[in-house]
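Q: Supplied in structure tokens, the structure appears directly below.
Please treat every number below as a calculation from the coordinates, not as lab data. These numbers were taken from a predicted model, which means no experiment stands behind them. Virtual Cβ from ideal backbone geometry, glycine too; neighbours counted across all protein chains shown.
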Amino acid sequence: MSFLGELLVSLRRDRVLRRGDIRRVIYRQLRFTGEHAFRLVALAAIFVGLMTVAQSAAQLQRWGGNQALGPLLVAAIFRELGPLLTALIVISRSVSAVASELSAMKANGEIEMLKASGISPLSYLVVPRVLGGAGALVLLTMHFVWIALAVGFFSAQMFVTLPWTRFVNDILHSLGPLDVIFFFVKTLGTGLCVFSLACFYGLRISGRNYEIPVATTQAVVASFLLAFGLQIFLSISYYFGLTNHWALGAFL
């Protein structure tokens, strides 16, 4: 909690978003996380799009794929699999890299040199990595979703006949304002949390080199647990709120 408090104080006190050097670091982190993980995210989206339709092929034929395909893909990909799988990929690649980088800087004395130069490590190192990483996670998840939806549409043509315009309209009608809000809460919230954990574990070492892999492993494990927990909590909250909304509407 003290680390989070210091981070918020640094963000407000130093006004990091107004500084050109900090914005450049944010852009580098955004580019590093986004570019390095995009191919893996795209590959995972292709597999998910294919598997989602393949696993539900019998139900598509039985219940009428023209009506069921859009809501099915929205529920499986947009609400659940997209945010979760993208977060796991980013944690495996970028969160581990951030924790390793910061712990190495701590072990090599670079953090103390920044402090001695009057530069806040939280403002110059932590805030850009948290904001850049979280922004990249949001963008990667958006790419995951549209790729998986497109692949799902084309693979579904083996089982049902559905025009592209009809498919897009079904997708849009299946999405509500609450879906969009929860999508950004899931992705942005997860990104802010896991990259904050990466920075926390990277900077908490005492300065010995053998602590670097330990800090990296701890950051990845904690980020995995937090990502799963946050996704489950938000999904339960979403469906609980949706059920109560339907119940209230039926009662009224």
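Q: Once region 75-155 is represented by equal point scatterers at the alpha-carbon sites, with solvent omitted, what log10 I(q)/I(0) does the Debye formula produce at q = 0.18 Å⁻¹?
A: Log10 I(q)/I(0), no solvent term: -0.79.
Q: Hey, got a sec? Which chymotrypsin sites (Phe, Trp or Tyr not before Pro) in region 145-193 land in a DSSP loop and have at most 16 other Cβ atoms within 10 Å?
A: Filter output for region 145-193: empty list.
Q: At 7 Å along Cα-to-Cβ for each site, give me the label-to-label distance between residue 104 and residue 188 in nm.
A: Between residue 104 and residue 188, the simple spin-label model gives 3.2 nm.
Q: Label residue 112 and residue 51 with points 7 Å out from Cα along Cα→Cβ: what is the distance between them in nm?
A: Rounded to a tenth, the inter-label distance reads 4.8 nm.
Q: Efficiency by 1/(1 + (r/R0)^6): what FRET value for residue 43 and residue 209, r their Cβ-Cβ distance, R0 = 30 Å, to the nearest 0.05?
A: 0.30
Q: With r defined as the distance between the Cβ atoms of residue 27 and residue 164 and R0 fixed at 41 Å, what FRET efficiency is calculated, to the nearest 0.05?
A: So the FRET efficiency works out to roughly 0.70.
Q: May I pose another question? For residue 119 and residue 228 in one chain, what is 0.36 nm times their gap in residues minus the Cα-Cα distance, to one decimal in nm?
A: Contour length minus the Cα-Cα distance gives 35.7 nm.
Q: Sticking with this one: When you take every Cα atom in region 126-192, what is the radius of gyration, and what is Dmax, the widest Cα pair distance, in Å?
A: Spelled out, the Cα radius of gyration and Dmax of region 126-192 are 15.4, 50 Å.
Q: Given the convex hull over the Cα atoms of region 109-252, what projected area results after averaging over all orientations, in nm²?
A: Average projection, Cα convex hull of region 109-252: 13.4 nm².
Q: Once you have the Cα-Cα distance between residue 179 and residue 221, take 0.36 nm times their residue separation minus that, and quote the gain in nm to one decimal.
A: 12.3 nm
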